[in-house]
1. What is the ratio of the Cα radius of gyration of the stretch 42-97 to 2.2 N^0.38 Å, with N the residue count, to two decimals?
2. If I take every Cα pair under 8 Å that is 6 or more residues apart in the stretch 61-119, average their sequence separation and divide by the length, what percent do I get for the relative contact order?
3. Of the listed pairs 40/93; 93/123; 55/108, which have alpha-carbon separations greater than 26 Å here?
4. Over the chain, calculate the relative contact order: mean separation of alpha carbon pairs under 8 Å at least 6 apart, over the residue count, as a percent.
5. To the nearest 0.05, how large is the calculated FRET efficiency for residue 103 and residue 28 if R₀ is 25 Å and r is the Cβ-Cβ distance?
6. Taking amide hydrogens as modeled 1.01 Å from N in the peptide plane, which residues meet the under 5 Å criterion relative to residue 107, leaving out close sequence neighbours?
7. Which value, in Å³ per residue, describes the convex hull spanned by the Cα atoms of the chain?
8. Just subtract the alpha-carbon distance of residue 74 and residue 44 from 0.36 nm times their residue separation and send over the number in nm, one decimal.
Amino acid sequence: MKKLLLIFLLCLTHSAWAEWVLVYENEEARFYVDPSSIRKEPGVLKAVDVKDMKKSEPDGTKSRLALREYECEAARSRILSLSSYADHMASGKMLTNTGEPSIWLDIKPGTAYYAVMLKACSK
């Protein structure tokens, strides 16, 4: 639990010094990954990504910063921590945050998170 909390806190400060690489764009948002955040562990890979919205959501969210865990061969992922921000590129006021891991979800080819996964898993 302490390790997850430390990862989450690092994720919160990550956007200030990240080297974001655009990996996907659609009419809704741009999706970035920071290659320097990619960490391989036995059977999984962890990476930090940003979803930068083109329009604010009703709650004022303009971007989301996530620490995700991937099973590259199975093409699935889960969120380890997620924060939403009032400004672009995970900046400005933090609106929400969670450090609770989500369930594992399959990633469909051709989607934004498939592109993020391919970038992360190619390292």
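1. 1.26
2. Rounded, it is 32 percent for the stretch 61-119.
3. Beyond 26 Å between Cα atoms: 40/93; 93/123.
4. After rounding, I find 22 percent.
5. Result of the calculation: an efficiency of 0.60.
6. Placed amide hydrogens put 76, 77 under 5 Å from residue 107.
7. 103
8. 9.8 nm
Coordinate-derived values only; no laboratory data. Nothing here was measured: the structure is a model prediction, and the numbers come from that model. Using ideal geometry, Cβ is built from the backbone for each residue, glycine included, and neighbour counts are taken over all protein chains shown.
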